[in-house]
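Written out below as structure tokens is the structure these notes cover.
Any read-out appearing in this document is the output of simple, stated calculations on the displayed coordinates, not a laboratory observation. Bear in mind the structure is a predicted one, so any value in this text is a computation, not a measurement. Note that each Cβ is placed from the backbone with ideal geometry, even for glycine, and that neighbours are counted across all protein chains shown.
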Amino acid sequence: VVEEYSEVARHYRIKETVGSGGFAKVKRAVHLPTGEIVAIKIMDKAALGSDLPRVKTEIEAMKNLHHHHICRLYQVIETSRKIFMILEYCSGGELFDYIVQRDRLSEGESRTFFRQIVSAVAYMHNLGYAHRDLKPENLLIDDEQNLKLIDFGLCAKPKGGMSDHLYTCCGSPAYAAPELIAGKSYMGSEADLWSMGVLLYALLNGFLPFDDDNIGMLYRKIKAGKYDTPDWLSPDSLILLKQLLQVDPKRRITVDKLLNHSWITNDIGVPVEWHSKHQMSVLDEDVVTEMSVHRKVSRETMKAELEKWNYDYLTAAYFLLLKKKTSGRPVRLQMTLDSQPHPVVAV
Ligand SMILES: Cn1cc(Br)cc1C(=O)Nc1[nH]nc2c1CN(C(=O)N[C@H](CN1CCCC1)c1ccccc1)C21CC1
């Protein structure tokens with residue numbers, strides 16, 4: 001087992017497990033060169049079996065998705081038996097647990113979170129991706145109360161663009177759109193909007209619009225599209241829920257219409273900004289300086305290496321130094337294990 005972790009252990013000190021799912025587990029870790037906290041998603045290739053393509057899908061998608069409300073991928077390490085995804089750490093855990101702990105959220109808090117979800121989904125849809133598994137378990141809260149979207153194993157980027165239809169039935173039943181469970185061909189983007197309706201309902205009520213222990217009954221409820229409307233729901237939120245939980249996908253609201261929807265802009269006044277705050281085209285000069293000095297190479301050499309975006313330890317060091325800079329911490333790399341001078345034995 002040791003050799004499986006040797007590559008990871010060179011740059012990371014692995015801490016406790018924060019989540020374990022079917023074929024993967026997630027551990028908190030420290031990135032030794034910067035001291036930054038990260039999350040490492042560890043998957044055993046043998047245990048993955050036929051699910052291995054999902055991991056490749058997730059990795060390829062995350063390499064193209066750079067957004068402040070999408071969990072960032074820093075590095076990928078593949079050994080003979082394991083795949084390690086080094087990802088952004090969110091200390092607030094899952095939105096799901098946050099809602100459960102509070103029973104339900106106020107309209108104001110629901111709006112703050114929902115705007116962040118709209119921002120991430122609008123960014124994805126405008127890049128031609130559909131998430132297809134939107135639910136509170138896949139939204140993490142970071143240390144600044146920002147939501148970060150995770151789990152892109154089911155996301156799709158139809159070859160023919162967003163107008164192309166998808167066929168694979170996937171995602172979690174309670175959040176699945178009627179056309180998806182009807183087995184019809186469907187648009188990933190339209191299915192995402194339905195899931196956002198289920199999400200908004202869960203934020204505002206603390207329970208699901210369609211729920212049943214019997215999967216057949218659950219499907220019938222979803223296809224009927226009828227849900228309870230507790231008296232604490234405002235008229236505006238009822239209107240928005242109705243536009244999202246439209247059984248006919250062609251009549252369902254699109255994410256572009258959501259950006260300046262009256263419920264979305266209530267009390268805030270401005271539409272949702274979906275463009276990414278992360279820009280990838282220009283490398284940050286301070287970070288390049290620190291890295292080129294630390295590795296004793298010219299800035300040009302370091303820039304050329306970084307622009308390959310290999311998602312190796314250089315990519316991780318770049319992103320984590322940049323995160324330090326934006327958080328106002330010093331842009332400094334510590335000596336890592338392999339570049340540490342060997343301990344001199346005290347004579
Ligand atoms: C729960 N929790 C409590 C604290 Br404090 C921090 C966390 C926490 O999970 N933090 C965290 N930061 N970054 C991540 C996580 C969890 N995490 C995850 O990717 N978590 C998902 C959660 N999915 C939701 C539905 C099924 C599984 C996961 C996927 C596979 C195996 C285990 C967990 C990442 C790596 C992106």
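A few remarks follow.
- Likely footprinting exposure, TRP309, TRP263, fewest C-beta neighbours within 10 Å first: TRP309, TRP263
- Our note on the geometry: Cα centres of region 139-202 and region 307-331, 30 Å apart.
- Legend: ranking of residues VAL331, VAL55, VAL121 from fewest to most surrounding C-beta atoms inside 10 Å; resulting order VAL331, VAL55, VAL121.
- Residues GLU290, GLU307, arranged from fewest to most other Cβ atoms within 10 angstrom of their Cβ, appear as GLU307, GLU290.
- About its Cα centre, the dipole of region 200-284 is roughly 480 debye, where the only charges are +1 on Lys and Arg Cβ and -1 on Asp and Glu Cβ.
- Ordering THR289, ILE264, LEU245 by the projection of their Cα atoms onto the charge dipole of region 190-347, which places +1 on the Cβ of Lys and Arg and -1 on the Cβ of Asp and Glu, puts THR289 at the extreme positive end.
- Between ASP267 and PHE207, full extension at 0.36 nm per residue minus the direct alpha carbon distance yields a gain of 19.1 nm.
- Of every Cα-Cα pair in region 238-342, the percent that sits beyond 15 Å: 73 percent
- With the largest listed first and rounded to whole Å, the semi-axes of the equivalent ellipsoid of region 1-92 from the Cα gyration tensor are 19, 18, 12.
- Taking amide H as placed 1.01 Å from N in the peptide plane, VAL38 has its amide H under 5 Å from the amide H of ALA29, VAL30, HIS31, each at least 5 places away in sequence or on another chain.
- 0 to 90° range, to nearest 10: angle between helix 2-11 axis and the chain longest Cα axis: 80 degrees
- Derived scalar couplings between HN and Hα for region 174-182 equal 4, 9, 7, 6, x, 5, 6, 7, 7 Hz in order, rounded to whole Hz, by the Karplus curve 6.51 cos²θ - 1.76 cosθ + 1.60 (θ = phi - 60°), x for Gly and Pro.
- Computed 3J(HN,Hα) for region 45-50, one whole-Hz value per residue from the Karplus formula 6.51 cos²θ - 1.76 cosθ + 1.60 where θ = phi - 60°, is 4, 5, 5, 5, x, 6, glycine and proline marked x.
- Degrees, to the nearest 10: 215-224 long Cα axis against longest axis of the chain: 60 degrees
- Rounded to the nearest angstrom and listed largest first, the equivalent-ellipsoid semi-axes of region 79-135 from its Cα gyration tensor are 27, 19, 10.
- Here the scattering of the chain is modelled by Debye summation over its C-alpha atoms, one equal scatterer each and no solvent; at q = 0.06, 0.09, 0.14 Å⁻¹ the log10 of I(q)/I(0) is -0.25, -0.54, -1.18.
- Selection from VAL121, HIS278, ILE83 lying farthest towards where the dipole of the chain points positive, charges on Cβ: ILE83
- Relative to the longest principal axis of the Cα atoms of the chain, the long axis of helix 107-126 makes an angle of roughly 70 degrees.
- Highest to lowest packing among 176-182, 31-37, 230-236, scored as the average C-beta count within 10 Å: 176-182, 31-37, 230-236
- In region 117-190, the convex hull through the Cα atoms has an average projected area of 5.0 nm², a quarter of its surface area.
- For region 107-247, the gyration tensor built on C-alpha atoms gives an oblate shape. Its axis ratio a/c (a ≥ b ≥ c) is at least 1.5, and a/b is not larger than b/c.
- For the chain, DSSP calls about 95 percent of its internal beta bridges antiparallel.
- In a simple Cβ point-charge model (Lys, Arg +1; Asp, Glu -1; nothing else charged), region 89-148 has a dipole of about 280 debye relative to its Cα centre.
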